[in-house]
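The values are calculated or read from the model by the stated rules, or taken from the named source; none is laboratory data. Remember, it's a predicted structure, so these values are computed and weren't measured experimentally. Positions of Cβ are generated from backbone atoms using ideal geometry, with glycine treated the same way; all protein chains shown enter the neighbour counts.
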Amino acid sequence: MAKISINLSTGNLEKAPESDVIVGIDLGTTNSLVAYMREGEAVAVADDSGKNTLVPSVVHFADSEQIIVGTEAKKYLLTDPQNTIYSVKRLMGKSYKDVAAAEQYLGYEVIDEDTDSLVKIRVRDRFYSPVELSAKILAELKKRIEATLGQSVSKAVITVPAYFNDAQRQATRDAGKIAGLDVLRIVNEPTAASLAYGIGLSQDESKTIAVYDLGGGTFDISILQIQGGIFEVLSTNGDTFLGGDDFDRAIIDFWLKENNIDPQILTENKALSQELRIAAEQAKKTLSTDNQYTERVGEWTCEITKAQFESLISSLINKTLDSCKQALNDAKLAVENIDTVIMVGGSTRVPLVKQTVSEFFKETVNDMLNPDEVVALGAAIQADILAGNNKDLLLIDITPLSLGIETMGGLMDTIIPRNTKVPAKAGRQYTTSIDGQKNLQVAVYQGERDLVSDNRKLGEFILRGIPPMPAGIPKIDIQFILDADGILTVRARELRSELEQSIQVKSAYGISEEEMARMLLDSIQNAESDMKIRALLEARNEANNIILSADKFLTQNTAILSEEEISETKKLTDMLRQSVEGQDKDAINVAMDNLNKYTTPLAHRAMDVNIGEAIKGKKL
Ligand code: ADP
Ligand code: MG
């Protein structure tokens, strides 16, 4: 273990020039932005006009070569929904099963394979992961700060919701890497908001706070305990489908009713629908300061008063209070125990929201800072602390390089990401790839590259004597335990047979800081090509599993399939086999998608044969 928190004061593991800035990024569901410290103060970076700091989290594909991000991309949401991706944050680190229920809210195609593998988004004949799409947004932010500062920027702190799990945090890190950013820390959004208000900056401060975050499409409430510069999340709650967009929708419905318009017109006339949406959002924003809004849309007069608007949204706001009550309950606290309430998210500008929340918590809420910038501003402050510019804050030991194991195809599967505080413990479950497999090799690596061959091998062992079972059935739990001295214990256990094996390795042994710096630099420089190789290998692994399943399916179900169904399935399987030989992951994905679409109804027919069964879980 390197005590690298001290070295971070010079940027990272290498000596960087004084001016080397670490930026703070709020990668939001609706809007994203970047902030940095200018003369000791956190400021959000604006576009060329100098007015807009928010970059809508929308990516539009004019064709596969031409990609636009932000305000320009947002214009295509209604006119070209299939090629305009928004809300991608909702998909980060998720499998298709996780998001199946949410898909109806998205205008683009999320690939349905009904498996446990991570979701992909289909744009024409290309397949993108949520990580790649988020990377496009991050790259836009990087471009923006570089233009402002007139120098290149490569280090960042990125925020995520407090409830994000390991996979979602790792996905966010990966997105940063692909965008050419070294992600020094992933910070919770409520923690960042608190830092922006200066809460938690001094060692002797002890406080319990509530962070109320109402954005465009999501609501989060977090209860934090702050003590000695450490932020502990006591509880989180919220609604992943409640936000300012619902306020807009309520206004549109109101106007349709007032003007006696058939709501059907919204699906028929996209341009009009778009115009109404823009007017509704404008009305809502106007009513945050004025009492009345009037605008002509087409042949109609769209009017609404503040009182009318408030009666439309009061039940929605009350729903957020239910979440607040639940969060307090989970934290075993009463309203009286909350010292400070912080308002985050553009929708908290609505006066009725402030008033209702303030009444609920029985105190004035903190709303001095711009609510849609506050998270990014806090991230910039956190970045500044990491840069060593705030000497008062405690430095904690962190692991300088990621630790993980080799999975199928020579891929690195990170279990403890770099910059994790030590001591640390993390684990994951794996399974076998061959029927009756008795032994399983566990190879432990350190580094940031996607292929283990580019990383540093720390050790390996073989878990022997797994009882014979079909591929995919054994459950092998692998735990990484990293102690405060950097000693890593890797333990593998087959859960059905209680079979166990472990090794200990010194993760920092024999590695110099120069070597570490080089490994980090390599990973960023090769992020794009690494990601392509990873996507290809993953597609191949998945395809091979599906081929196996399809073959098995055919032999087991000859009786219930027609000649034509058998030959078509064989044909599609052969096409998939052929694509696996090639280098094009999109071609593999298309072939997989075709085979899946064709065989899904057949599989449903063969009730007891579940084609999904054999393709679950990662294979070692
Ligand atoms: P997210 O965190 O989900 O990315 P934001 O915090 O950027 O979202 O919030 C975006 C929402 O805030 C949108 O619904 C937007 O219409 C709303 N909003 C922005 N400004 C105002 C305002 N002045 N009054 C009311 N709502 C606003
Ligand atoms: Mg937000």
- Task: Could you figure out which of (1) at pLDDT 90 or above; (2) more than 16 Å from ligand 2 (Cβ to nearest atom); (3) surrounded by 19 or more Cβ atoms within 10 Å (Cβ to Cβ) isn't true of ASP245?
- Result: (2)
- Item | From the options ASN31, ASN52, residue that is within 15 Å of THR148 (Cα to Cα) and within 16 Å of ligand 1 (Cβ to nearest atom) | ASN52
- Query: Are there any pairs, at least 6 apart or on different chains, whose C-beta atoms fall under 8 Å, with the first in the range 332-344 and not assigned by TED's automatic domain parsing to the domain that holds SER32 and of a type in the set (Gly, Ala, Ser) and the second in a helix (DSSP H, G or I) and more than 16 Å from ligand 2 (Cβ to nearest atom), and if so, which?
  - Reply: ALA334/LEU328
- Answer yes or no as to whether GLN501 is farther than 21 Å from ARG418 by Cβ, in contact with a strand residue (DSSP E or B) (Cβ under 6 Å, 6 or more places away or on another chain) and part of a strand (DSSP E or B). yes
- What number of residues within the range 324-349 are within 16 Å of ligand 2 (Cβ to nearest atom) and more than 24 Å from SER206 (Cβ to Cβ)? 5
- Message: Considering only residues that are more than 14 Å from ligand 2 (Cβ to nearest atom), in contact with a Leu (Cβ under 8 Å, 6 or more places away or on another chain) and in contact (Cβ under 8 Å) with a residue 60 or more places away in the chain, which ones fall in the range 26-71?
- Response: TYR36, ALA42, VAL43, VAL45, VAL59
- For the range 192-209, which residues satisfy the criterion of being in contact with a strand residue (DSSP E or B) (Cβ under 7 Å, 6 or more places away or on another chain) and either more than 16 Å from ligand 2 (Cβ to nearest atom) or of a type in the set (Asp, Glu) (or both)? ILE199, GLY200, GLU205, SER206, LYS207, THR208, ILE209
- Query: Among the residues of the range 403-414, is any assigned by TED's automatic domain parsing to the domain that holds SER497, of a type in the set (S, T, N, Q) and more than 26 Å from LYS506 (Cβ to Cβ)?
  - Reply: no
- Message: All but one of (1) among the acidic types (Asp, Glu); (2) more than 16 Å from ligand 1 (Cβ to nearest atom); (3) surrounded by fewer than 23 Cβ atoms within 10 Å (Cβ to Cβ) hold for ASP239; state the number of the condition that does not hold.
- Response: (2)
- Message: Out of the helices (runs of 4 or more DSSP H) lying entirely within the range 281-387, which hold 1 or more residues that are more than 28 Å from VAL43 (Cα to Cα) and touching a strand residue (DSSP E or B) at 6+ places or on another chain (Cβ under 7 Å)?
- Response: 306-330, 351-361
- Checking GLN264 against (1) more than 26 Å from ASN52 (Cα to Cα); (2) at pLDDT 95 or above, which test does it fail? (2)
- Note on the structure: Looking across the range 38-64 at residues that are part of a loop (DSSP other than H, G, I, E, B) and β-branched (Val, Ile, Thr), the single one that is surrounded by the most Cβ atoms within 10 Å (Cβ to Cβ) is VAL45
- Item | All positions within the range 439-476 that are free of Cβ contacts under 8 Å to residues at least 40 places away in the same chain, exposed (fewer than 14 other Cβ atoms within 10 Å of the Cβ) and either in contact with a Phe, Trp or Tyr (Cβ under 8 Å, 6 or more places away or on another chain) or in a strand (DSSP E or B) (or both) | ILE462
